[in-house]
1. Run C:V10 past the list (1) in contact (Cβ under 8 Å) with a residue 12 or more places away in the chain; (2) more than 16 Å from the chain's Cα centre (by Cα); (3) farther than 30 Å from A:P73 by Cα and report the number of the one that doesn't hold.
2. Which one of these does C:F106 not meet: (1) within 12 Å of chain D (Cβ to nearest Cβ); (2) open to solvent by 50 Å² or more (accessible area, probe 1.4 Å)?
3. What about A:H7, is it farther than 30 Å from B:W47 by Cβ and open to solvent by 10 Å² or more (accessible area, probe 1.4 Å)?
4. Does B:L96 satisfy being at pLDDT below 95 and either within 16 Å of the chain's Cα centre (by Cα) or within 11 Å of chain C (Cβ to nearest Cβ) (or both)?
5. Within 12 Å of chain A (Cβ to nearest Cβ) and more than 16 Å from D:L96 (Cα to Cα): does that describe D:T72?
6. When the residues of segment C:47-98 are filtered to those that are in a strand (DSSP E or B) and among the small types (G, A, S), which remaining residue is nearest to C:S119 (Cα to Cα)?
7. Residue check: is B:V95 of a type in the set (A, V, I, L, M), surrounded by fewer than 22 Cβ atoms within 10 Å (Cβ to Cβ) and within 27 Å of A:T111 (Cβ to Cβ)?
Protein chains: 4
Amino acid sequence: MTAPYLHHRVITWGDTDAAQIVYTVRFFDFAMEAIEGWFRSVLGLDWYALNIDRHIGTPFVNVAMDISAPLTPRDHLCCAVHVERLGRASLTLRVLGRKEDGTESFDARHTCCFVNSQSMTAIPVPPEFRTPIEAYCGAGGGITPRAPRREAESA
Amino acid sequence: MTAPYLHHRVITWGDTDAAQIVYTVRFFDFAMEAIEGWFRSVLGLDWYALNIDRHIGTPFVNVAMDISAPLTPRDHLCCAVHVERLGRASLTLRVLGRKEDGTESFDARHTCCFVNSQSMTAIPVPPEFRTPIEAYCGAGGGITPRAPRREAESA
Amino acid sequence: MTAPYLHHRVITWGDTDAAQIVYTVRFFDFAMEAIEGWFRSVLGLDWYALNIDRHIGTPFVNVAMDISAPLTPRDHLCCAVHVERLGRASLTLRVLGRKEDGTESFDARHTCCFVNSQSMTAIPVPPEFRTPIEAYCGAGGGITPRAPRREAESA
Amino acid sequence: MTAPYLHHRVITWGDTDAAQIVYTVRFFDFAMEAIEGWFRSVLGLDWYALNIDRHIGTPFVNVAMDISAPLTPRDHLCCAVHVERLGRASLTLRVLGRKEDGTESFDARHTCCFVNSQSMTAIPVPPEFRTPIEAYCGAGGGITPRAPRREAESA
């Protein structure tokens, strides 16, 4: 297992807005696509299989993102996905989006809960997922929690 | 001036995902639409006019959201937009999304910077915007900053 | 019943692309939102209720659109929805998108089939939908089919 | 030059709707992404470079699509892009979307015009684009125009 998992994304015309840079909301699409790729790669199944075949949902209950550099279709985006915290029923992932030259574009933290997708009630992280997540952390995919995220800078 | 500004949104089929609830990223669309409506209502111009006519951009540098209840097209969403902080060159807004029965669905905090949209360098919030923003806060559109947002719950 | 049904839409910043006009794909969002509004208004239920409560789906099998004028957030879009053809198991709607001054922006034709959403097999249009659709046509919501859509112009 | 150009796309969770298949409008995103990839591959530059660096826009004036099979995140989509017609100032592309097993999912025809992106007036297809497009057709990337697209089937 290689860690961290890297997700590459071509930035498209449809991602831009009239400021001729990527529209804010698209950054969340980028992060979610990277996380979905991580599920597929590390857990061995994507959200569709998880929901439809296993009746397990992973609704996101908290999302936070710092955006430090705009993106355009001239950039190639590479997202690294790290495990920040694996709880009893929740999982916090960090997604670091970088440009080809290594410049950080965004730093996102996404927390989801594992639920029974029919009752929408929390369930413990199933052991068959906990094991590969722990292995992923052991292989270098974890992250040392930083100090509480900086609040919006005084400016 | 009525405060807080309220933005109503019909939830559509296209907002849903295969879990038969609104897809996570759509919550950010909802919050951004509410904020754009607030700009139009309180500042008197939307982002398009701001960028194209005034060469002023407002890139978002930090976005955070707690999602506490899922949404479906059965819900009618109402977003209240509050000013949390008006800095020298930045603005932090809180968007509280509620269902028709008052249930909170999400609580978002968005911070943007005012920039010259050609040089992408920060500029002070223009006085003609500062004045109506302060009036909006005076009319009850401000918000007492809460304690630092809760981090992902232990679960 | 008033016909044709009109669907109003604020054009937002998020609808634009780097050409500083609405991105092509958003026109299809506009048309679909108008059609969904028409279902809600004329049939009395939206696609979510139709699928979840009635197990009826309406997948679109053919979509065609002429785009004659770009849109920006300075425009207010008004879509008129007409019934072009009600078949045994299918429905063809025309959506005419106009700006506030009456300029036509797009002319779309969408054909959906009624299916059992679990087996995905075609079903006849249910009588409780056929009746209001026919009433809508009787009230002026129908449209005389035009000659076959113009193919891409020689240019 | 290999023809036709093939564009591969992972179907994601965010592409689905509450019917647990890909939402209609996403098919247009898929086709546009394939076309943008074709521009990049065959013309050597994407829409962003074309617009920003060359002040050339390619607004789409007509789009038509037959959707014959639904898609889910279990599918891997492969789009083949063919040139159907190269006019004086316009270009018609066909995008055939197939699943991994070869099943056709959609067949789209997109016509764009070349314009000066500042005046939005039509311009002849620039020779440096006409040459590679003709070479692409010569290499097998063209398509024999079919009879006029079938109208919505009687059903």
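The values are calculated or read from the model by the stated rules, or taken from the named source; none is laboratory data. This one's a predicted model, so the numbers in the text were calculated from it and none came from an experiment. A quick note on method: Cβ atoms are made from the backbone with ideal geometry, for glycine too, and the neighbour counts reach across all protein chains shown. When the accessible area is computed, the model is the full protein with side chains, heavy atoms only, and any ligands, DNA or RNA have been set aside. Shrake-Rupley method; radii C 1.70, N 1.55, O 1.52, S 1.80 Å.
1. (3)
2. C:F106 satisfies every listed condition except (2).
3. Criteria not met by A:H7.
4. Spelling it out, it is not the case that B:L96 is at pLDDT below 95 and either within 16 Å of the chain's Cα centre (by Cα) or within 11 Å of chain C (Cβ to nearest Cβ) (or both).
5. In short, yes.
6. It comes out as C:G57.
7. no
Results for (1) without any contact (Cβ under 8 Å) to a residue 24 or more places away in the chain; (2) open to solvent by less than 20 Å² (accessible area, probe 1.4 Å); (3) not basic (K, R), shown as yes or no for each residue.
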residue	(1), (2), (3)
B:H55	no, no, yes
B:V61	no, no, yes
B:D66	no, yes, yes
B:P70	no, no, yes
B:C79	no, yes, yes
B:R85	no, no, no
B:D101	yes, no, yes
B:Q118	no, no, yes
B:A122	no, no, yes
